[in-house]
Amino acid sequence: MKQKIYSCSARVSLLVLIGLLCNFSIFAQDITVRGNVKDVTGEPIIGASVLQVGTTNGIITDVDGNFSLTVPGNSSINISYIGYIPQTLAVNGQTSFNIILKEDVEALDEVVVVGYATGSKRTISGAVEKIKKEDMNVGVVTNPLESIKGKVAGVVINKQGGDPASTPSIRVRGTTSLSGGNDPLVVIDGVFGDLGLLNALSPSDIETFTILKDASETAQYGSRGASGVIVVTTTKGKAGAVSLNYDGTFGVESVYKNIDMLNAAQYRSAVEVGGYVNALDGGASTNFMKEMQRTGFTQNHRVSFGAGNEQSNYRASIGVIAQDGIIDGSDMRNYTAKLDANQRMFDDRLKIEFGMFGSKKVNNYVNDHQKTFYSAASFNPTLPAAQNVDGTWPEDPNANEIDNPLGRLTIQDKEDNAYLNAHGKLSFNFTPDLMLSVFGSYTYNEKINSTYIPNNIKAGIREGSGKASKTQKNSDVLMGNITLSYKKDFGKNHVDVLGLMEGQSYKFNGFGADARGFGTNYFGYDNLKAGANVKYGDVTSYANSYNISSFMARLNYMFDDRYIATVNLRTDGSSKLGENNKWGFFPSASAAWVISNEAFLKDIEQITNIKIRAGYGLTGNQDAISPYNSLSLMQPTGITTVNGQQTVTYGYARNANPDLKWETKKMFDVGVDFSLLDSRISGSVDYYNSRTTDLLYEYAVPVPPFLYNKLLANLGEMQNNGVEIALSGTPVQTKDFDLKISANVSYQKNELKSLSGTYMGQELSTSEYMRLGSINGAGFIGGNTGVIYQMVGQPVGVFYLPHSRGLVNDGLGSYTYQVEDLDKNGTVDINDGNDRYVAGQATPKVFMGANISMRYKRFDLQVQMSGAFGHKIYNGTSLTYMNMNTFPTYNVLPDAPSMNIKDNTVTDYWLEKGDYVNIDYITLGYNFNVKKIDKVIKNIRLTASVNNVHTFTNYSGLSPMINNTVVGSDMGVDDKRFYPLTRTYSLGLNITF
Amino acid sequence: MKKNIIYSCLLAAATFALPSCSSFLEENPKDQMPEEEAYKSPELIYLNTVANLYTQIGATGGGEGLAGTDRGLYDIQTFTNDEALLPTRGGDWEDGKLWQRLYLHTWDKSEAPFKSVWDYLYKVIGLSNQSIDKLNSLMEADPENIYLPVYKAEVQAIRALYYYQLLDCFGRVPLVEKSDVQISDVKQSERSEVYNFVRKELQEALPYLNTANSTKEGEYYGRMTRPVAFFLLAKLALNAQVYSDDDWTDNGGAPNGSTDFEMNGQKVLCWDAAIAYCDSISNLGYQLSSTYSSNFSVGNEKSVENIFTIPMDPAKYSAQFYYIIRTVHYAHGKAYSIDGWNGASASKELLASFRKSKNDPRLELCFFTGKVTGPDGAPVMDGDKELEYKPDAVAVDVSGIADEKTAGARWKKYEIDPASQSAGKLQSVDFVLYRYADVLLMKAEAKMRKGESGDNEINEVRGRVGADALSKATLNDLLDERARELSWEGVRRQDLVRFGKFCDAVDGRPATQPYCTVFPIPHDVVLLNKNLSQNKGY
């Protein structure tokens, strides 16, 4: 696949290259103009574009800001650079120019892609945040999401531990849906995708991220936009420049924090002191956690090249990100390739844009984090690290819930994930104001998971002499739209109207097979025929699909650069919904007042810009619904004997709900954007309030009359509100020294308002206490170990726990947690609804991100921080590892024998505050003075970074940076599954020719 | 709407050039099929109205199945009485003290196994209702068809089997007989109504059911045949005083319902009915197997004693079996290449019952009581010493004692299938639900309750294993005999309730209140359906 992409894209790029080269036309002209481009501080501007107006004749400035261009004596030249106000100068025979470009401090006319519309930031009335390349995170960035982590208020990106294979999670303005659809929509150059597709891009190929947070803008995407939209524009070819760029980092990773359990000597002494007669002593001294580790490394290389003129341009890029995790055998490789070509024809009336990108990502996972790390920590340290002579691994036969961790590392668990996208757009201008464009895109994804559990380890023996599995999942996504837009200024009126028709088609299919009973481990998962046992149900396949059809109208109106209004009207039809509920209507409206352009403020020099915004809109969500959920359909239900023959029977696999409809989110947003003192201080403040109704959820329903105890239905209601503040300031800005500080803080409050309603005339209300997650491990199975819950009247993900009155001596010298009789009924009963209380929430109330960057001459330094406050973490790891009841079969923490707690009741004793501030990275950069080196090189930049510098926290566990935003069984629960914390030291090089 | 569709056609044509665009928002399922497909031929009708219910009798997990996978029906019938324990062993089997609560009768109304048993039993009842509704409509369309009434009777009997379990566990349960029922129509019936319903349904189905032995491989393998229905009717008759008693909290827990039993349109004494049903089974040719173990070993399809079994075969079916895995020590399981969860153990009461029976080999036939050997005949090693179970060290909580991991005699009634898969969960010994020894003991009991001697039947059972004959056996002797013969076969709780002894004190547990003889309606179910009320005492 990888090679295919390469050879394919290489061939295409070659063709494009040849085509473009033919178009190059450089004519000998009358005079040669020379010049120098500087900014207001006198620093040369490198890479500014100098172009003869109306032609393709151009060049870019060198490292000293110098250029030389041959033009007709009566022509004009245009000098431009991103972020600066362009200038056009008549040559008039003049041969020498000294040009000072002014920074476009207002940055208002920057092009912003807001959904289907492309406008300038000036005309936007919703809450839109744009992150440009220079504002993205540096250091080790292996996933596009990491490049905006901590950058935008209200956008929370979280990556746990040092596992190279784990991908970050993201929430835009928190959780607004209970079942799926909480990931934002990703739109890459117009292509709809998910977070997986985003990974098909090399982070360095991304030019900008635009985050649409509030419904007045996300409503453009109707049913896809409910959880926010991340619009990604990638780097394209530029006019007037031939460039070649290399961007790379190399880093070394090491563990900086680990869970330390009793070592072999401490273990033996604890056994002796405690008088444990049944302890197993394997005669060795092993630190299994250490045995599993190695030095990790991470590499990121990307080469891009491109060229172009005003008529056509192209750009190609290939990249590889490689990471070897600190746990033996865990690694990740992501190969990416990308090609874009654009062309204008017929007097620029027709614009053709074409893009392709593809990736192949290979992950080798640590199989089952919880099992592996639980095993590593609690495995008997007196057992040897080597295999037994018969090839099996030493095990403590009594330790049923854990396996030899080194044996577990021989499990092969691989994922191959390939994406290929091709998209194209034709835009035709009937008049300068009226444009028709047709866009089409195709995305193919193939994901293959291969697992082999060897026959000589405990897990493999348990499966019946080894188990191999292979599953393959494909998706084909087609989308296309036709837009007609009209943009016109009438005097002080600016009007922008857009109409859209769109279709999306999603097809999924897959195949899976398991085989057990392997005589040899030689084949791994590569030859399933080597497995002796294949049973009914071991071979499966599926195929399903759904379609969405949409229509939209958008009106953007501005009067006198002061009053802005935007209205979006969108209707979506989805095939997944019930017969009578297929269509949903998602309108939105927003208005803004640019108060700084009013006469009474216009002349105040300190104020650069102040805009007040308000918006309201509806978005829909249907992601929780699987295709065919609304239909009563039959599936194979099992195998039985009919007339002595094995026969498969069919039946209803779920409670069908023909009334399934759109989950709807209504959001109100009010905010202000400001920049003061020539943009030395800028920022924005937003307040939002959203209410999700017809909440899709698998409601608990009574059996009978229902067949199954869950029914997917639209009932409940959820509310979110929050405040977001972003500030940035440049206290110092001189020729040699800059200092810029930016920070963002967001506060959010979530409440599950209701989970009841009427379904087909019947009152439905779900269980009062819906358990999300509990503690696992020896002695916990099936007990009252619930920790994190969903409850009406509370935020999603609250800790609902018994209260411990503190450790108490049970009279035998050991200690228990002494659970309080909260309901004062005379007995302690920790079942749900009895002696338990809501003890805190898992999701932080406040998130913050901060960045300090400074430049001294050619050196620059950046520090990025992130933090979260107001939430709690359940330390299930300590609860388990402090429990002397399981000792000596399971190893414990060094303090455990002296504290002698013989209790594993889940109580609030191990509920801790989760507040933290983390220094994500520190990067030192140096820009070489390349003119002293070589004329060919335009830029060389060298960086040195440290990622995961330090975490400030009072949390006693390994790390407070666990999953606290994604609703699931591990939300807020630190339970023995944490991959050790790693720190990465890296060097980066960026070189442009 | 129409406009929208027209537009979507235009769009689809323009962007995708789909062959047929009017269906753009219509679903055409590929990997699931519409209902019509499932009843297209007579074979498919049988398959999807009757055979599909048999896939539910065994189960793959989640506490489902009539054998009950882990934490299901079997467990609430077994670990709540005086024959078995899942002792807490340090960190193992603490499990939030679930097993202790079951043994101590201190279970809560929201205990998970009650909910999974309830949901499972009613799921199969719901599926049966769908089948019956479908068969009724097919019968209306085709009144001449002679197979449909037979199918319907079989489904009715299966549904009765499931209501019988609900009756036994939860007493007051809703009777739902149709598939299109609203929540508001689901109302509780008294225990006696449920009992009468089960009796009536089984009696109605009887004449349609085939007399074949359902434990033999072939057409009727694993199916609800007439002997199975007879067996259930015998149980109903024997427990008539329990099931017709709508207030089980009075009379010190001893059942005081009616001894009337309706049979062939007449009221007869329930003991006579029980005897009659037992005789009907005998008349079909069932007898005791010559060896006790052959009922529980590989190839037990050939047993002449088994009446109703769950077909098991690792290669053919997905029904799972947990009970050997769950009892044997880790090292013991490893020696047989199966899991060992080192749990379930025989209670002191059961051990005593075995020990007081003269020349009775059944303790050794049913339990591992000391050192054990692996399949190769060599002793099973626990670390560097031989593994040895300590039957008398058993207690509710053995944490911290020297025999923490070895306390308790372990179940060995079922042969460990050397060809088992999935760590022992898939194996080829059919799980025995009902067998003829129980029929003999039922008949003995019914006779004794009428004042006659049950010695013949009791001694037939004892004689098969070579135990000394009893003479003038009392009802208490019979109860003991049932404990020994049918140990851990899921009948003990019902027996104790019938004898009014379920709440008596046992080792480590003081006497409990009579309300415990019926389990609570799962708390969630009561919360979700306002029509339902909780059983007394909870």
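Summary table
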quantity: Subset of the stretch B:68-93 [surrounded by fewer than 24 Cβ atoms within 10 Å (Cβ to Cβ) and among the aliphatic types (A, V, I, L, M)]; calculated: B:Ile76
quantity: Check on A:Ile922, surrounded by fewer than 20 Cβ atoms within 10 Å (Cβ to Cβ), closer than 20 Å to A:Lys149 by Cα and in the same structural domain as A:Gly849 (by TED's automatic domain parsing); calculated: yes
quantity: Criterion: more than 8 Å from chain A (Cβ to nearest Cβ), farther than 22 Å from A:Val642 by Cα and at pLDDT 90 or above - qualifying residue of B:Asp82, B:Asp70; calculated: B:Asp82
quantity: Every residue from the stretch A:355-395 that is aromatic (Phe, Trp, Tyr) and under 30 Å from A:Val232 (Cβ atoms); calculated: A:Phe357, A:Tyr365
quantity: Search result, residues across the stretch A:214-268 that are surrounded by 23 or more Cβ atoms within 10 Å (Cβ to Cβ), touching a helix residue (DSSP H, G or I) at 6+ places or on another chain (Cβ under 9 Å) and of a type in the set (S, T, N, Q); calculated: A:Thr218, A:Ser227
quantity: Residue within the stretch A:341-351 that is buried (at least 24 other Cβ atoms within 10 Å of the Cβ) and modelled with pLDDT of 90 or more present; calculated: yes
quantity: Criterion (in a helix (DSSP H, G or I), within 12 Å of chain A (Cβ to nearest Cβ) and at pLDDT 95 or above) met by exactly one of B:Leu135, B:Leu161, B:Leu167, B:Leu102; calculated: B:Leu102
quantity: Residue in the stretch B:318-351 that is nearest to A:Arg462 (Cα to Cα), counting only those that are more than 10 Å from chain A (Cβ to nearest Cβ) and among the basic types (Lys, Arg); calculated: B:Arg326
quantity: Meets criteria (surrounded by 23 or more Cβ atoms within 10 Å (Cβ to Cβ) and charged (D, E, K, R)) for A:Glu724; calculated: yes
quantity: Members of the stretch B:219-261 that are of a type in the set (Lys, Arg) and in a loop (DSSP other than H, G, I, E, B); calculated: B:Arg223
quantity: Residues located in the stretch A:611-656, provided they are out of contact with any Ser or Thr (no Cβ under 7 Å at 6 or more places or on another chain), of a type in the set (Val, Ile, Thr) and in contact (Cβ under 8 Å) with a residue 40 or more places away in the chain; calculated: A:Ile612, A:Ile625, A:Val648
quantity: Criterion (in a strand (DSSP E or B), within 14 Å of chain B (Cβ to nearest Cβ) and surrounded by fewer than 20 Cβ atoms within 10 Å (Cβ to Cβ)) met by exactly one of A:Asn474, A:Asn449, A:Asn456, A:Asn481; calculated: A:Asn474
quantity: Residue that is modelled with the highest pLDDT [pool: residues in the stretch B:105-132 that are assigned to a loop (DSSP other than H, G, I, E, B) and of a type in the set (Ser, Thr, Tyr)]; calculated: B:Thr106
quantity: Subset of the stretch A:619-644 (residues that are more than 10 Å from chain B (Cβ to nearest Cβ), outside any loop (DSSP other than H, G, I, E, B) and either of a type in the set (Val, Ile, Thr) or surrounded by fewer than 21 Cβ atoms within 10 Å (Cβ to Cβ) (or both)); calculated: A:Thr619
quantity: Of all residues in the stretch B:394-439 being over 21 Å from the mean Cα position of the chain (by Cα) and on the phi > 0 side of the Ramachandran plot, the one that is nearest to the other protein chains (Cβ to nearest Cβ); calculated: B:Ala423
quantity: Residue match in the stretch B:230-242 (condition: within 20 Å of B:Lys536 (Cα to Cα) and in contact with a helix residue (DSSP H, G or I) (Cβ under 9 Å, 6 or more places away or on another chain)); calculated: yes
quantity: Failed condition for B:Glu305, given (1) over 30 Å from B:Gly91 (Cα atoms); (2) of a type in the set (D, E, K, R); (3) surrounded by fewer than 20 Cβ atoms within 10 Å (Cβ to Cβ); calculated: (3)
quantity: Failed criterion for A:Ala532 (all others in (1) over 30 Å from the mean Cα position of the chain (by Cα); (2) within 27 Å of A:Gly729 (Cα to Cα); (3) small (Gly, Ala, Ser) hold); calculated: (2)
quantity: Matching residues, the stretch B:175-185, being in a helix (DSSP H, G or I) and either more than 9 Å from chain A (Cβ to nearest Cβ) or under 22 Å from B:Asn136 (Cβ atoms) (or both); calculated: B:Asp185
quantity: Residue identified as at positive phi and modelled with pLDDT under 85 among A:Gly190, A:Gly161; calculated: A:Gly161
quantity: Every pair of residues 6+ apart whose Cβ atoms lie under 8 Å, when the first sits in the stretch B:37-50 and is more than 7 Å from chain A (Cβ to nearest Cβ) and of a type in the set (Gly, Ala, Ser) while the second is in a helix (DSSP H, G or I) and surrounded by fewer than 20 Cβ atoms within 10 Å (Cβ to Cβ); calculated: none
quantity: Filter result (within 21 Å of A:Phe586 (Cβ to Cβ) and of a type in the set (Gly, Ala, Ser)) within the stretch A:690-712; calculated: A:Ser690
quantity: Of residues in the stretch B:146-158 being away from chain A (no Cβ under 14 Å) and of a type in the set (Val, Ile, Thr), the one farthest from B:Arg493 (Cα to Cα); calculated: B:Ile146
quantity: Subset of the stretch A:779-800 that is among the aliphatic types (A, V, I, L, M) and under 15 Å from B:Gly96 (Cβ atoms) - its residue that is modelled with the lowest pLDDT; calculated: A:Ile781
quantity: Listing of strands (runs of 3 or more DSSP E) fully contained in the stretch A:718-801 that carry 3 or more residues being in contact (Cβ under 8 Å) with a residue 12 or more places away in the chain and of a type in the set (Gly, Ala, Ser); calculated: A:737-754
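One line per residue, one yes/no per condition, for (1) at pLDDT below 90; (2) in the same structural domain as A:Lys665 (by TED's automatic domain parsing); (3) assigned to a strand (DSSP E or B); (4) of a type outside the set (Gly, Ala, Ser):
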residue	(1), (2), (3), (4)
A:Arg516	no, yes, yes, yes
A:Gly524	no, yes, no, no
A:Tyr536	yes, yes, no, yes
A:Tyr542	no, yes, yes, yes
A:Asn547	no, yes, yes, yes
A:Asp561	yes, yes, no, yes
A:Ala565	no, yes, yes, no
A:Thr571	no, yes, yes, yes
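Here is a yes/no grid of residues against (1) more than 14 Å from chain A (Cβ to nearest Cβ); (2) among the acidic types (Asp, Glu); (3) surrounded by fewer than 22 Cβ atoms within 10 Å (Cβ to Cβ); (4) closer than 18 Å to B:Leu53 by Cβ:
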site: B:Lys187; (1), (2), (3), (4): no, no, yes, no
site: B:Pro207; (1), (2), (3), (4): yes, no, yes, no
site: B:Ser214; (1), (2), (3), (4): no, no, no, yes
site: B:Val228; (1), (2), (3), (4): yes, no, no, yes
site: B:Thr249; (1), (2), (3), (4): yes, no, yes, no
site: B:Pro255; (1), (2), (3), (4): yes, no, yes, no
site: B:Gly265; (1), (2), (3), (4): yes, no, yes, no
site: B:Ile275; (1), (2), (3), (4): yes, no, no, no
site: B:Leu284; (1), (2), (3), (4): yes, no, yes, no
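The values are calculated or read from the model by the stated rules, or taken from the named source; none is laboratory data. If you're wondering where the values come from, they're calculated on a predicted model, not measured in any experiment. Positions of Cβ are generated from backbone atoms using ideal geometry, with glycine treated the same way; all protein chains shown enter the neighbour counts.
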